[in-house]
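A short worksheet on the structure shown next.
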Amino acid sequence: MSSSDADLRQRIQELETEVRHLGNELRLTREEYEDATSKYLDIYCNLEKKISERTRELDAANGKLVLEIEERKRTEAEKEQLIAQLQKAMQEVKVLSGFLPICASCKKIRDDSGYWSQIEEYISKHSNALFSHGICPDCVKKLYPDFHAELRRRTKK
Amino acid sequence: MDGAKKTNISLAGLLELVETSTLSSIKGTVGGILSLISDPTASSSDLIKLIELDPPLTAKILRVANSSYYATSKTIGDIQQALIWIGFDTLKEIILTQKMSELYRGGTPVGGYSRLQLWRHSLGVALLAKTIYRREFGEKGNNAYAAGLMHDIGVIVEDQLLHREFMHLVQVLEDIPQPLTDGENSCFGYDHGLVGKGLAENWNFPAELIDGIGFHHDPEGAREEHRLFVKTIFISDYLMFEQGYGYVAMPLPDREILQQYVRDLGLQWYALRAIIEIVREELGKIEQKGYLIA
């Protein structure tokens, strides 16, 4: 075999090796590509799943939030109402807590327009208080002395 | 060995020291990645979960994924995108490479030895072993890459934990050339293969990897089912030293052993030469892009 034949044979061997190497690389690269595609799909599916789970969680949280907002609005309205009642009560308390011009003799009270009212009438008008009339023992003695004496006699027995 | 400083630390003592040293910081992630490499059913979410446990790693992966080395057409913003654009297997290799590179930082060059040279050698052996698997055997060779990257983990353990004695040893090797394993046996009573094997066993590495690390200087000592795998690591280790990717001044073993293992694997020299050329180009690209050290 001449040296050029040997060279040619070696070159053929080298080329065959190169073809075999590239064939192996190509097959492995194809396998890796398929693997990467399946991994990509795996990630994509997981992502879809995660998105739908997260959406469900957000919907639930949103529903809870709406209920909470309504509850807060209701509480707020109740608070407003209470404040208004309180303010009204405070105003009334203020009327009765100021200086009241009162007659030293008949105990009538003078209002802002200068009109003199009976004390019962005035207080009833400016507060929630109501009057129930009775008579005290001193006034019984003064106004109804006979009835007073009779009462005392009965009590002693 | 004359002139070498001897140590009193036993192999078991050294392996105990590893567990309390900074070396053990890579244990969780590296162990997790090796499990994923060995498990064909592992899913992308398993890998993402593993990365999420190590936040600084995410930033490093994204930096590497966006580097000109991978030259993707778009900016990769998260691990999911990295997984799609770079691929599951490459991403596993990036993680393993990043975590392992943490052990090779720092250090001062002494004699013909430096941590950077050792890392360059490990990366070269990893690429060569993987390319032999891919081009010649038509297999992915993820375990071959991992074994190549970690085959000298025992050396970095000695460098970090028996630093003074190891530095003295590499200095002596420069003056009196002899195999590193002989020097280690005289100095420590064990060699880096045994240290690496012990560490790989303690960290529950896959059996093939334990043999690849433990017997890369003596493939005949490995379990029979792993012998061809370990011979691939031996051949890659030998050839990278021969190609100028060594890390310590020492004579190589008898070339006849290499020839025998090449025959055992059914490899042809012209095929190996073509593969070496691919790896040299790849390493050149890695060094040129400044990707050698994290």
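Residues that are among the hydrophobic types (A, V, I, L, M, F, W, C) and farther than 30 Å from B:LYS99 by Cβ within region B:245-294 comprise B:ILE257, B:LEU258, B:VAL262, B:LEU267, B:TRP269, B:ALA271, B:ALA274, listed in sequence order.
Yes or no, residue by residue, for (1) more than 14 Å from every other protein chain (Cβ to nearest Cβ); (2) among the charged types (D, E, K, R); (3) touching a Ser or Thr at 6+ places or on another chain (Cβ under 8 Å); (4) within 17 Å of B:LEU228 (Cβ to Cβ):
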{"site": "B:GLU102", "(1), (2), (3), (4)": "yes, yes, yes, no"}
{"site": "B:ARG120", "(1), (2), (3), (4)": "yes, yes, no, no"}
{"site": "B:PHE137", "(1), (2), (3), (4)": "no, no, no, yes"}
{"site": "B:LYS140", "(1), (2), (3), (4)": "no, yes, no, yes"}
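One residue stands out among those in region A:1-33 that are facing chain B (nearest Cβ under 8 Å) and of a type in the set (S, T, N, Q): the one that is nearest to the chain's Cα centre (by Cα), which is A:ASN24. Summed over region B:205-229, the residues that are more than 13 Å from the chain's Cα centre (by Cα) and in contact (Cβ under 8 Å) with a residue 60 or more places away in the chain give a count of 4.
Residue selection: A:LYS50 fails the criterion of being within 14 Å of chain B (Cβ to nearest Cβ), touching a Leu at 6+ places or on another chain (Cβ under 8 Å), part of a helix (DSSP H, G or I) and at pLDDT below 85.
Reported count of residues in region B:137-194, each being among the acidic types (Asp, Glu), under 16 Å from the mean Cα position of the chain (by Cα) and within 30 Å of A:HIS21 (Cβ to Cβ), is 1.
One line per residue, one yes/no per condition, for (1) farther than 24 Å from B:TRP269 by Cα; (2) buried (at least 24 other Cβ atoms within 10 Å of the Cβ):
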residue	(1), (2)
B:PHE188	yes, yes
B:GLU208	yes, no
B:GLY212	no, yes
B:GLY221	yes, no
B:GLU225	yes, no
B:TYR238	no, no
B:GLY244	no, no
B:PRO253	no, no
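Quickly run through region A:142-151 and pick out the residues that are modelled with pLDDT under 85 and loosely packed, with under 11 Cβ neighbours inside 10 Å. Within region A:142-151, no residue meets the criteria. The residues of region B:60-79 that are in a helix (DSSP H, G or I) and either touching a Ser or Thr at 6+ places or on another chain (Cβ under 8 Å) or charged (D, E, K, R) (or both), listed by number, are B:LYS60, B:ARG63, B:ALA65, B:ILE79.
The values are calculated or read from the model by the stated rules, or taken from the named source; none is laboratory data. In this text, all values refer to a predicted model and were calculated from it rather than measured experimentally. No Cβ is skipped: glycine too gets one built from the backbone with ideal geometry, and neighbour counts run over all protein chains shown.
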